[in-house]
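The values are calculated or read from the model by the stated rules, or taken from the named source; none is laboratory data. Given the structure is predicted, the values throughout are model-derived calculations rather than measurements. Neighbour counts run over all protein chains shown; Cβ positions are idealised from the backbone, glycine included.
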Amino acid sequence: MSNNRILQRIFAALLMICLTGCYIPEDFQAGVSIDKKGNYAFTYGGKLTNVLALAADSEGKLGKKEEDELQKDAAKLADLPGFKKVKYLKEGRYEVTVDRKGKAGEDYHFISKDINIFSIQYLPGGRMKISAFKPEKDEIAQIKAIGGNMSGRLTVSLPKGLKVIEHNAKSAPKGSTAGGEYVWDIDHFDLRPEIVIEY
């Protein structure tokens, strides 16, 4: 199979990654703090990477013109709610800092509803769910093949008294109302982080 055919297949596959859209998170620290009333603060520090640019770079097809266009996209990211700092690095990668606060009942999707990497969603009955996207195995393999590194940590911090209905954190306080930190060490989102809380 020719290199052009391989590149076309990679691009076609990447275009079908509905959950990630154009960007993937890399080398990140993400955090959600919840208060007793169900208000939240979301933070993110790390990289956001344009997967199509990364694929082009892996094939040696990311030139100065494309890099200049990607540099311009930094301003678009900086306009998104909660984005405090955006710096274009190279190869489709942006260093970003996000600090977003919201009131109970106000859903939040990072980066957006269409590019939904981390979500804070409010459910009936005074419940809320914090979760992340989960790519398919073949999508993860494709991202690894082009040099993507979707690894980092998600920490959800709760005050004492809020009830945790369910979670799949790798590290958690003992007792469903103990409060404290629920932690996921994420390696390419092979596990979908999820926690449901009653406030």
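Table for the structure above
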quantity: Test: residue in the range 40-52 that is touching a Lys or Arg at 6+ places or on another chain (Cβ under 9 Å), crowded, with 17+ Cβ neighbours inside 10 Å, assigned to a helix (DSSP H, G or I) and of a type in the set (A, V, I, L, M); calculated: no
quantity: Within the range 138-181, considering residues that are part of a helix (DSSP H, G or I) and either small (Gly, Ala, Ser) or without any contact (Cβ under 8 Å) to a residue 12 or more places away in the chain (or both), the one farthest from Arg192 (Cα to Cα); calculated: Ala145
quantity: Among the residues listed as Ile120, Ile186, Ile111, Ile115, the single one being under 15 Å from Pro25 (Cβ atoms), surrounded by 15 or more Cβ atoms within 10 Å (Cβ to Cβ) and either among the small types (Gly, Ala, Ser) or modelled with pLDDT of 95 or more (or both); calculated: Ile186
quantity: Positions within the range 92-102 being within 16 Å of Asp27 (Cα to Cα) and either exposed (fewer than 13 other Cβ atoms within 10 Å of the Cβ) or not polar (S, T, N, Q) (or both), in sequence order; calculated: Gly92, Arg93, Tyr94, Glu95, Val96, Val98
quantity: Some residue of the range 92-103 being acidic (Asp, Glu), under 21 Å from Leu54 (Cα atoms), assigned to a strand (DSSP E or B) and in contact with a strand residue (DSSP E or B) (Cβ under 8 Å, 6 or more places away or on another chain); calculated: yes
quantity: One residue from Lys134, Lys87 being out of contact with any Gly (no Cβ under 6 Å at 6 or more places or on another chain), modelled with pLDDT of 95 or more and farther than 15 Å from Glu198 by Cα; calculated: Lys87
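Residue-wise test of (1) free of Cβ contacts under 8 Å to residues at least 12 places away in the same chain; (2) in a strand (DSSP E or B); (3) in contact with a Cys (Cβ under 9 Å, 6 or more places away or on another chain); (4) surrounded by fewer than 19 Cβ atoms within 10 Å (Cβ to Cβ).
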| residue | (1), (2), (3), (4) |
| --- | --- |
| Ala55 | no, no, no, no |
| Leu62 | no, no, no, no |
| Lys65 | yes, no, no, yes |
| Asp68 | yes, no, no, yes |
| Gln71 | no, no, no, yes |
| Pro81 | no, no, no, yes |
| Lys90 | no, no, no, yes |
